[in-house]
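Accompanying notes for the structure given below.
Values quoted throughout were computed directly from the atomic coordinates according to the rules given, and no laboratory measurement underlies them. What you see is a predicted model; the values in this text were computed from it and never measured. Cβ atoms come from the backbone with ideal geometry, glycine included; neighbour counts cover every protein chain shown.
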Amino acid sequence: MATTDLSERPAKKLSAAATKRVLPGFGLSLGISLFFISLVLLLPISGLFIRAAGMGWEQFWFVITDPRVVASYKVTALAALAASLFNCVFGLLMAWVLVRYEFPGKRLLDAIMDLPFALPTAVAGITLATLFAENGWYGQYLADLGIEVAFTPLGIVVAMAFTSVPFVVRTVQPVLEELAPEDEEAAMSLGASDMTVFRKILFPALWPAVVTGGALSFARSLGEYGAVIFIAGNSPYISEVISLMIFVRLEEYDFPAASAIAAVVMTVSLLLLLAINVWQGRYLKRLHGG
Amino acid sequence: MKTRKHRRVGDSPLVRRTLIGLAVTLTVLLLFMPLVLIFVQAFTEGWAGYVSNILDEYTLHAIGLTLVVALLTVPLNLVFGVFLAWLVTRFRFPGRKLLATLIDIPFAVSPVVAGLLFLLLYGSNGWVGQWLGEYDIQLMFSWPGIVMVTVFVTCPFVARELIPLMQQQGREEEEAGVVLGASGWQLFRRVTLPNIRWALLYGVILTNARAVGEFGAVSVVSGNIRGETNTLPLQVELLYQDYNTAGAFAASSLLAGIALITLVVKAIVEWRQSRN
């Protein structure tokens with residue numbers, strides 16, 4: 001950390017123009033980046049908002065407050081919340097075990113954590129649907145307990161939890177690794193219990209990372225489509241997620257309605273992204289003592 | 001170090017064993033078993049059944065189309081990712097932070113919304129689509145549309161892998177190269193590339209994994225024409241809906257194989273970086 005600080009400082013003192021002159025390629029890389037971002041990201045996104053704005057407020061409001069659509073907001077938000085809460089607990093456990101303990105198979109456990117990011121969502125979807133089906137490996141035992149997962153909102157939670165597993169693990173892991181052991185060891189040697197030290201010393205250092213990971217997992221779950229539709233059952237008012245709702249409107253050739261709902265989803269996604277960025281900025285400053 | 005002498009939280013054997021046991025059990029149930037299930041299901045009809053499922057006319061076509069999409073998407077995003085990473089880590093200019101945030105948008109956007117964005121703009125009644133229609137160019141419901149949405153969905157990965165690493169490495173080495181008279185290309189090839197090659201490799205592999213596996217965005221713009229615009233994930237969906245479970249999982253096993261290769265490459269890259 002000290003070395004990066006030293007290297008950043010003289011660069012800041014130089015004027016922006018002076019640094020630009022040292023390394024080549026400013027114009028070229030700025031040009032390519034701006035061209036690409038405008039064409040691939042900004043043009044299509046502004047297209048959506050202009051479409052949605054063009055339909056008039058009353059119709060827009062009518063479409064986005066349709067009872068079936070409102071039900072899908074609720075299902076999606078609640079399932080995403082449940083999935084990210086699960087991942088906060090599971091992610092903290094996994095990060096802890098992977099950082100603090102040595103045991104055979106640890107590397108494998110660490111590597112498999114990223115599977116949900118690498119596995120296509122449609123594959124995850126049919127796999128989870130098969131596992132939790134009535135006669136599936138998990139479904140048959142859960143049925144004995146009276147728990148139905150496939151084709152219920154619980155299935156949506158399972159799919160969302162699966163696809164966003166890596167977020168909390170991967171945000172907490174580096175923080176836990178860099179945590180200085182002094183406070184913890186001092187407290188332990190003074191006779192505090194494990195639980196007390198965890199609550200008073202470790203958790204205060206870890207929770208911003210848990211929240212960041214949880215928020216990322218929530219944002220991802222809100223938009224999840226491929227993994228969810230195979231296991232959800234997709235019955236109107238009960239187990240339709242918002243992405244599916246947009247898809248249904250598209251299949252009805254109702255482009256204005258699809259655009260309006262998509263504009264709502266897009267706005268929420270962008271606000272979440274902004275909030276996570278601001279939160280991370282603050283939290284990182286605190287980490288580096290700024 | 002004396003750390004062995006100091007007790008730390010969770011050191012007692014009981015806590016240690018309980019937590020490791022819990023972590024391993026949950027990971028096996030949540031991540032390992034799904035992976036096992038894919039291959040078990042793929043081989044329910046034996047090796048011969050598996051091969052004939054893969055060699056199915058439409059599945060083969062889907063594999064071919066998926067490869068074409070990846071071959072077009074990955075190099076494009078590789079070039080863009082490297083230029084963007086160079087820009088935001090090597091220069092200071094107003095709007096630098098904003099640019100680094102904009103690139104995260106595809107992560108936050110639902111894939112279905114991503115597909116819709118392109119359908120609205122380039123579809124037959126979109127602004128650009130109408131104009132292209134006059135020249136008989138149709139991008140949506142054909143392979144160019146699939147490539148376009150895949151580029152959108154996968155554009156952050158290379159830059160996201162490179163930016164933290166290049167930030168951490170700083171620009172002294174490159175500045176020294178300039179002083180010694182290196183040209184831009186020489187600088188990149190001789191100084192920057194050797195430092196970032198492993199992260200770059202992982203970025204490319206991850207871009208590839210997401211490009212071959214994209215489902216939601218592609219299904220909006222593909223039109224699902226069997227043997228024409230079906231990519232491998234769409235073919236998995238079709239087979240599954242046709243109650244051809246073995247066929248669906250055979251096609252899935254190829255995608256799961258790519259996912260496993262991605263994980264192995266990541267493990268190698270991390271091992272390499274930790275050695276440095």
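May I have the count of lysine pairs in chain A with C-alpha atoms under 25 Å apart, counting pairs 8 or more residues apart or located on different chains?
Working: A:12/A:20; A:12/A:285; A:13/A:285; A:200/A:285.
For chain A, qualifying lysine pairs total 4.
Subtract the Cα-Cα distance of residue A:178 and residue A:252 from 0.36 nm times their separation in residues, and report this length gain in nm to one decimal.
Working: separation 74, 0.36 × 74 = 26.64 nm, distance 5.29 nm.
Residue separation times 0.36 nm, minus the Cα-Cα distance, leaves 21.4 nm.
Whole number please: convex hull volume per residue, Cα atoms of the protein assembly as shown, in Å³.
On the way: hull volume 101.6 nm³, N = 566.
Spread over its residues, the Cα hull of the protein assembly as shown gives 179 Å³ apiece.
With a Förster radius of 45 Å, plug the Cβ-Cβ distance of residue B:96 and residue A:196 into 1/(1 + (r/R0)^6) and report the FRET value to the nearest 0.05. Write down the numbers at each step before the final one.
Working: r = 44 Å, r/R0 = 0.98.
Step by step, r from the Cβ atoms, then E = 0.55.
How high is the relative contact order of chain A? Use alpha-carbon pairs under 8 Å, at least six apart in sequence, and give a whole percent.
The normalised contact order for chain A reaches 27 percent.
Is there a simple number for the mean count of other chain Cβ atoms within 10 Å of the Cβ of residues in B:259-268, and what is it?
Details: counts 9, 5, 1, 5, 10, 1, 1, 5, 6, 0.
Partner-chain Cβ atoms within 10 Å, mean over residues of B:259-268: 4.
Lys/Arg Cβ at +1, Asp/Glu Cβ at -1, dipole of the protein assembly as shown taken about the Cα centre: which of B:178, A:72, B:142 is farthest positive-ward?
B:178
Between residue A:46 and residue B:275, what is the FRET efficiency for a Förster distance of 35 Å, r being their Cβ-Cβ separation, to the nearest 0.05? Present the calculation step by step, with values, prior to reporting the outcome.
Working: r = 46 Å, r/R0 = 1.31.
The pair residue A:46/residue B:275 has a calculated efficiency of 0.15.
Pull out the extension gain between residue A:141 and residue A:205, defined as 0.36 nm times the separation in residues minus the alpha carbon to alpha carbon distance; nm, one decimal. Working shown, then result.
Values: separation 64, 0.36 × 64 = 23.04 nm, distance 3.96 nm.
Net length gain for the segment: 19.1 nm.
Fewest Cβ neighbours within 10 Å first, please rank B:28, B:74, A:268, B:236 accordingly. Walk me through the numbers on the way to the answer.
Details: B:28 13, B:74 23, A:268 18, B:236 30.
Arranged by neighbour count, lowest to highest, B:28, B:74, A:268, B:236 become B:28, A:268, B:74, B:236.
May I ask you to derive the FRET efficiency for residue A:53 and residue B:134 from their Cβ-Cβ distance with R0 = 22 Å, giving the value to the nearest 0.05? Show your work: numbers first, answer last.
Working: r = 26 Å, r/R0 = 1.18.
Computed FRET efficiency for residue A:53 and residue B:134 comes out at 0.25.
At 7 Å along Cα-to-Cβ for each site, give me the label-to-label distance between residue A:61 and residue B:36 in nm.
For the pair residue A:61/residue B:36, the computed spacing is 5.6 nm.
Tell me, what ³J(HN,Hα) does each residue in segment B:148-162 have, in order and in whole Hz, if you take phi through Karplus 6.51 cos²θ - 1.76 cosθ + 1.60 with θ = phi - 60° and put x for Gly and Pro?
Result, ordered by residue: 4, 5, 5, 4, 4, 5, 9, 5, x, 5, 5, 4, 4, 6, 7 Hz.
Hey, can you grab everything whose amide H is under 5 Å from the amide H of residue B:214? Only 5+ residues off in sequence or another chain; H modelled, so Pro and N-termini drop out.
none
Can you compute the modelled spin-label distance between residue A:267 and residue B:195, with each label point 7 Å from Cα toward Cβ, in nm?
For residue A:267 paired with residue B:195, the spin-label model returns 4.4 nm.
Can you give the mean number of other chain Cβ atoms that lie within 10 Å of the Cβ atoms in peptide A:43-53?
5
log₁₀ I(q)/I(0) of chain B at q = 0.10, 0.11, 0.15 Å⁻¹, via Debye over equal Cα point scatterers, no solvent, to two decimals?
Computed log10 I(q)/I(0) values: -0.71, -0.83, -1.18.
If I model a spin label at residue B:24 and residue A:107 as a point 7 Å from the Cα along the Cα→Cβ vector, what separation in nanometres do I get?
It is 1.7 nm.
Would you kindly derive the ³J(HN,Hα) couplings of segment A:116-124 from the backbone phi angles with the Karplus curve 6.51 cos²θ - 1.76 cosθ + 1.60 (θ = phi - 60°), listing them in order in whole Hz, with x for Gly and Pro?
Working through the residues one at a time gives x, 7, 8, 7, x, 5, 5, 5, 4 Hz.
Provide the packing ranking of B:148-154, B:244-250, i.e. peptides ordered by the mean count of other C-beta atoms within 10 Å per residue, highest first.
Numbers: B:148-154: 26.1, B:244-250: 22.4.
Ranked by mean Cβ neighbours within 10 Å, highest first: B:148-154, B:244-250.
Would you please classify the overall shape of chain A from the alpha carbon gyration tensor, given that a ≥ b ≥ c denote the square roots of the eigenvalues, rounded means a/c under 1.5, and beyond that prolate means a/b larger than b/c while oblate covers the rest?
Details: a/c = 2.16, a/b = 1.14, b/c = 1.90.
Since a/c reaches 1.5 but b/c is at least a/b, the shape of chain A is classed as oblate.
Rounded if a/c is under 1.5, else prolate if a/b is larger than b/c, else oblate: which is segment B:139-276, with a ≥ b ≥ c the root eigenvalues of its Cα gyration tensor?
On the way: a/c = 4.10, a/b = 2.12, b/c = 1.93.
Taking the square roots of the gyration eigenvalues as a ≥ b ≥ c, segment B:139-276 is prolate.
Determine the equivalent ellipsoid of segment A:97-209 by diagonalising the alpha-carbon gyration tensor, then write out the semi-axes as square roots of 5 times the eigenvalues, largest first, rounded to whole Å. Write out the running numbers ahead of the final one.
Values: eigenvalues 269, 60, 35 Å².
Computed over segment A:97-209, the values are 37, 17, 13 Å.
Normalise the Cα radius of gyration of segment B:1-42 by 2.2 N^0.38 Å (N = residues in it) and let me know the number. It would help to have the intermediate numbers written out before the result.
Working: Rg = 16.8 Å, N = 42, 2.2 N^0.38 = 9.1 Å.
Taking N as the residue count of segment B:1-42, the ratio is 1.84.
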